[in-house]
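To keep things clear, I will list the structure first and then write my remarks on it.
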Amino acid sequence: MEYSYDLKGNYLCIGENRIPAYSLEENEIGNCTNCDSILMSLSYHAADEKTIIVTKCTSCGTFYANIYDSAWNWIDEVQVSLLPIPIPISSQIVDDWKGLEAIPMKKLEAVFSRGEIEALFARAKEETPVRQYLYRARKKYRLFEEIFDVKLAL
């Protein structure tokens with residue numbers, strides 16, 4: 001079963017079912033399977049007798065659905081894909097500081113880590129970014145474009 005998430009409306013989609021969040025509380029949920037960093041909750045969803053918590057890794061940015069039974073016993077973890085969200089900006093190609101600033105921070109945080117975002121803004125302001133973070137951010141440009149239909153050219 002495919003799990004996807006709508007960042008704008010905080011809806012979890014399981015197959016064709018669209019499940020609204022009943023809570024947007026932020027808590028540490030566990031550790032990322034991908035990089036072992038902390039997972040933070042984005043939203044809580046009730047599905048049948050289960051509670052599903054959508055989480056995001058604070059380091060690599062991977063999204064997961066953590067599934068619990070009615071007694072809060074952990075059942076499973078499933079990777080979640082993000083649904084595309086249109087961003088109303090004047091240009092669909094962002095190549096300067098003003099264009100980058102027009103993108104809501106929540107959308108940047110959905111794909112990039114804090115260090116990567118700082119590197120993007122430094123690059124856009126023609127300052128010297130942390131090379132490692134800029135390199136990592138550039139590897140995620142395609143994902144950002146797929147989700148938000150905005151091409152980054154920084």
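If M105 satisfies all but one of (1) free of Cβ contacts under 8 Å to residues at least 40 places away in the same chain; (2) open to solvent by less than 80 Å² (accessible area, probe 1.4 Å); (3) closer than 26 Å to G9 by Cβ; (4) among the hydrophobic types (A, V, I, L, M, F, W, C), what's the number of the condition it fails? Failing condition for M105: (2).
Number of residues in the range 31-81 that are free of Cβ contacts under 8 Å to residues at least 40 places away in the same chain and of a type in the set (K, R) equals 1.
Output the number of residues of the range 137-151 satisfying the condition of being more than 11 Å from G61 (Cβ to Cβ), within 13 Å of the chain's Cα centre (by Cα) and not in a helix (DSSP H, G or I). The total comes to 0. Restricting attention to the range 46-72 and to residues that are within 28 Å of Y133 (Cβ to Cβ) and in a loop (DSSP other than H, G, I, E, B), the residue that is most open to solvent (accessible area, probe 1.4 Å) turns out to be T58.
One residue stands out in the range 93-115 among those that are outside any helix (DSSP H, G or I) and of a type outside the set (G, A, S): the one that is farthest from L83 (Cα to Cα), namely D96.
The single condition from (1) open to solvent by less than 50 Å² (accessible area, probe 1.4 Å); (2) over 12 Å from the mean Cα position of the chain (by Cα); (3) under 18 Å from I14 (Cα atoms) that V80 fails is (2). Count of the range 26-45 residues, restricted to those that are over 15 Å from Y5 (Cβ atoms), open to solvent by less than 40 Å² (accessible area, probe 1.4 Å) and in a strand (DSSP E or B), is 1. What are the pairs, 6+ residues apart or on separate chains, where a residue within the range 14-25 that is without any contact (Cβ under 8 Å) to a residue 24 or more places away in the chain has its Cβ under 6 Å from a residue that is loosely packed, with under 12 Cβ neighbours inside 10 Å? Here the result reads G15/M1, each pair linking the range 14-25 to a residue that is loosely packed, with under 12 Cβ neighbours inside 10 Å. Out of all the residues in the range 11-25, is one or more in a loop (DSSP other than H, G, I, E, B), over 11 Å from the mean Cα position of the chain (by Cα), more than 23 Å from L143 (Cβ to Cβ) and charged (D, E, K, R)? Yes, because at least one residue in the range 11-25 is in a loop (DSSP other than H, G, I, E, B), over 11 Å from the mean Cα position of the chain (by Cα), more than 23 Å from L143 (Cβ to Cβ) and charged (D, E, K, R). Taken over the range 118-136, residues that are more than 18 Å from the chain's Cα centre (by Cα), among the hydroxyl-bearing types (S, T, Y) and either open to solvent by less than 100 Å² (accessible area, probe 1.4 Å) or closer than 12 Å to L154 by Cα (or both) amount to 1. I'd like the residue in the range 100-118 that is out of contact with any Leu (no Cβ under 9 Å at 6 or more places or on another chain) and not aliphatic (A, V, I, L, M) and, out of all such residues, is nearest to C60 (Cα to Cα). Applying the filter and picking the extreme gives S113.
The values are calculated or read from the model by the stated rules, or taken from the named source; none is laboratory data. Note that the structure is predicted; figures quoted are calculated from it, not measured. Cβ coordinates were reconstructed from backbone atoms using ideal geometry, including for glycine residues, and neighbour counts include every protein chain displayed. The accessibility values were calculated without ligands, DNA or RNA, using every heavy atom of the protein model including side chains. Shrake-Rupley method; radii C 1.70, N 1.55, O 1.52, S 1.80 Å.
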